[in-house]
Amino acid sequence: MSNIQLNPLLSIRNGNLYIEDVNTVDIAREFGTPLFVVSENILVNNYKAFRDGFQKYYPEGRIRVMAAVKANPTVAVRKVLSREGCGCDTFGFGELETALRGGVPYEDIAVNGSIKGPEIIRKAIDLGIPIILDNMDELDMCQDEAKKMSKTALVLLRIKPYMKDLEEPSDFFPQRLIRDMTQSVKYGIPTSEVIQMLPKFANMPNVKLEGVHTHAGRHSKKPIFWKSLVTSIVDMIKTIHDGVGNNWKPEIVSVGGGFPSDMDKESRVAVTDYQTPHIEDFAKVITETFRQEMNKHGFSTKGIILEIEPGRAMYNESGIHLFKVHNMKHETAHGMDYQWAETDTSETFLSIGGLNVTPPFDLVSCNKADKTYDTKVDVVGITCNYDCLAEQTKLPQLAKNDILAFLNTGSYIEPYTCNFNALPRPGMVMVNGSSCEWVKRPETQEEVFSRHVVPERLQNI
Ligand SMILES: Cc1ncc(COP(=O)(O)O)c(C=O)c1O
């Protein structure tokens with residue numbers, strides 16, 4: 001048996017891996033592999049942990065959890081979160097559509113995105129959905145479109161808080177400072193341009209500036225990062241207050257996402273050798289700093305909606321990826337004793353590189369989960385790439401038709417799948433207690449060709 005840490009809704013029963021109360025081997029048999037599996041109850045528990053963990057420390061206003069749709073843009077998965085009262089951040093027209101199809105109330109959606117065109121601006125204005133402005137032109141577009149529609153555009157400024165006192169390096173690139181990276185990154189309105197925009201609001205009767213938004217990213221798990229970020233957000237609130245005039249105050253303040261998931265082993269993050277704080281640790285530092293800094297500038301926090309946008313931490317542990325061993329190879333020539341388990345998934349379905357000495361997900365045998373993990377094997381994928389998903393990893397002796405699972409694949413994995421080698425992309429099922437249902441069917445081979453166009457002149461070939 002492996003010593004892999006399982007989250008509370010995974011268990012080993014009679015040698016098989018269960019997700020909630022469903023045997024993963026039965027799921028693989030019934031729905032086929034490769035397959036993404038989501039646990040509804042892990043997702044709901046994660047949402048409640050964020051909501052309650054933050055609300056506990058912010059009695060003066062509402063905490064709005066705006067789960068980042070991008071991490072798992074599946075409509076039925078989104079419906080689960082909508083049922084629970086969770087809002088969402090959307091990036092671009094497609095994700096806005098996901099939120100609308102996923103039953104998110106308009107007021108609980110935020111429309112983020114680079115280069116928003118009139119189409120998305122008009123839709124957001126029409127439905128009363130707040131728009132997070134990412135450049136100067138978008139403000140004019142909001143006024144023009146809202147005027148044409150005789151409506152009001154609700155907007156937030158996506159700002160780039162300058163964390164002047166933070167000398168911390170980024171966990172992604174330890175040779176760079178977080179402060180520099182959050183300034184040089186493309187998203188958000190440059191501060192100099194925010195300042196130019198502020199006087200315009202007085203002459204924009206069809207625009208209502210509701211607040212500010214930022215998303216710095218997952219540069220650090222340290223509370224000091226959040227302290228600095230929130231301090232700098234409030235500094236910008238003061239600048240905006242002074243520049244807009246009319247005693248402007250934010251109704252909504254979003255500190256964005258970037259919360260770590262404890263079981264995440266993402267390989268892009270270079271520095272991981274320190275403890276992941278608890279959600280309440282983040283809640284404490286964010287709310288206390290917000291209150292303290294606002295008061296320092298003479299503002300009250302009473303009634304201000306404080307938003308958080310967890311993506312990775314919301315979905316990561318809710319997902320596993322099931323796949324099947326189709327063939328075993330064993331080299332005994334040249335003094336070698338080398339085994340490969342050829343499986344039906346791929347690096348292109350898992351967003352991982354071609355040679356994984358240490359894969360970024362824990363690997364479990366679903367049907368031999370209680371056996372000793374004592375046999376070295378390369379677990380390889382189906383594409384023509386090197387496609388080594390786990391090199392010489394220890395598993396029970398594998399055989400054809402064995403089912404394997406990569407754990408904690410719920411964030412940002414499925415949306416990145418592609419059709420390399422003209423492979424159809426895997427589907428997704430959702431488990432709730434003892435039930436398991438499709439939420440995204442697998443792509444068909446025919447659909448892989450559905451966008452191809454053969455010009456008339458090539459049709460006889
Ligand atoms: C605007 C915005 N909010 C939230 C998130 C979620 O970030 P994370 O998954 O690190 O929590 C992202 C991720 O890119 C984002 O762009």
Within region 172-190, can one find any residue that is aliphatic (A, V, I, L, M), crowded, with 22+ Cβ neighbours inside 10 Å and in contact with a Ser or Thr (Cβ under 6 Å, 6 or more places away or on another chain)?
yes
For the condition within 20 Å of VAL212 (Cβ to Cβ), at pLDDT 95 or above and touching a Gly at 6+ places or on another chain (Cβ under 8 Å), what is the one hit in ILE121, ILE129, ILE125, ILE109?
ILE109
Is there any pair with a first residue in region 333-352 that is within 10 Å of ILE382 (Cα to Cα) and surrounded by 19 or more Cβ atoms within 10 Å (Cβ to Cβ) and a second that is among the polar types (S, T, N, Q) and modelled with pLDDT under 95 whose Cβ atoms are under 9 Å apart and which are 6 or more apart or on different chains, and what are they?
GLU347/ASN356
Filter region 387-413 for residues that are in a strand (DSSP E or B) and not aromatic (Phe, Trp, Tyr) and give the result.
CYS388, LEU389, ALA390, GLU391, GLN392, THR393, LYS394, LEU395, ILE403, LEU404, ALA405, LEU407
Sole exception among (1) surrounded by fewer than 16 Cβ atoms within 10 Å (Cβ to Cβ); (2) modelled with pLDDT under 95 for HIS219, by number
(1)
Considering region 291-311, residues that are among the charged types (D, E, K, R) and surrounded by fewer than 21 Cβ atoms within 10 Å (Cβ to Cβ), and then whichever is nearest to the ligand (Cβ to nearest atom), we arrive at GLU293
Anything in region 233-290 that is more than 14 Å from the ligand (Cβ to nearest atom) and aromatic (Phe, Trp, Tyr)? List them, or say none.
TRP248, TYR274, PHE290
When you go through (1) in contact with a helix residue (DSSP H, G or I) (Cβ under 7 Å, 6 or more places away or on another chain); (2) touching a residue at least 24 places away in the same chain (Cβ under 8 Å) one by one for PHE91, which number turns out not to apply?
(2)
Test: residue in region 54-66 that is within 16 Å of the chain's Cα centre (by Cα), crowded, with 17+ Cβ neighbours inside 10 Å and within 15 Å of the ligand (Cβ to nearest atom)
yes
Looking for something within 16 Å of the ligand (Cβ to nearest atom), touching a residue at least 24 places away in the same chain (Cβ under 8 Å) and part of a loop (DSSP other than H, G, I, E, B) - is there at least one such residue anywhere in region 414-435?
no
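The values are calculated or read from the model by the stated rules, or taken from the named source; none is laboratory data. On a predicted model such as this, the values are computed, not experimentally measured, just so you know. Every residue, glycine among them, receives a Cβ derived from its backbone with ideal geometry; neighbour counts consider all protein chains shown.
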